[in-house]
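Values in this text are rule-based calculations from the coordinates and carry no lab data. These figures come from a predicted structure and were not determined experimentally. Here the Cβ positions follow ideal geometry from the backbone for every residue, glycine too, while neighbour counts run over all protein chains shown.
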Amino acid sequence: MRNPYENDRRMEMISLALAGIIGPIAIFKGYPVMILFCLFLLAFSILSEGLFYLHINKTPEGIKQFIKAGVLVLLITALFFRL
């Protein structure tokens, strides 16, 4: 039987893997938009972890992860408009 929270963990791991692959390539090639996309992937990973915590009834940890992801998205968006 499958774990009901497997999709949350899968989204988290896929976004982390993509960030781990795209990030170094974008840094070495010097593509600022790809670096920002990689940071958005990291924020999505944090958001997925927050969803997982909410599903397993650990609400304070989930809310903390949502706040972290929100602050990161705000900083990334501000950085995007500075470029």
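Tabulated data for the structure shown
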{"read-out": "Percentage relative contact order, the chain, counting C-alpha pairs under 8 Å, at least six apart", "value": "29 percent"}
{"read-out": "For the chain, calculated [θ]222 nm from helices alone, where every DSSP H run of n ≥ 4 adds -39500 (n - 2.57)", "value": "-30500 deg cm²/dmol"}
{"read-out": "Phi to ³J(HN,Hα) by Karplus 6.51 cos²θ - 1.76 cosθ + 1.60 over the stretch 55-67, Hz, x for Gly, Pro", "value": "5, 9, 6, 10, 4, x, 5, x, 5, 4, 5, 5, 5"}
{"read-out": "3J(HN,Hα) from dihedral phi, the stretch 23-37, Karplus parametrisation 6.51/-1.76/1.60, rounded to Hz, x for glycine, proline", "value": "x, x, 5, 5, 5, 5, 7, x, 9, x, 5, 5, 5, 5, 4"}
{"read-out": "Estimated dipole of the stretch 1-67 in Debye, rounded to 20 [Cβ of Lys and Arg +1, of Asp and Glu -1, Cα centre]", "value": "80 debye"}
{"read-out": "For the stretch 39-45, 3J(HN,Hα) per residue [Karplus equation, 6.51 cos²θ - 1.76 cosθ + 1.60, θ = phi - 60°, Hz, x = Gly/Pro]", "value": "5, 5, 5, 5, 5, 5, 5"}
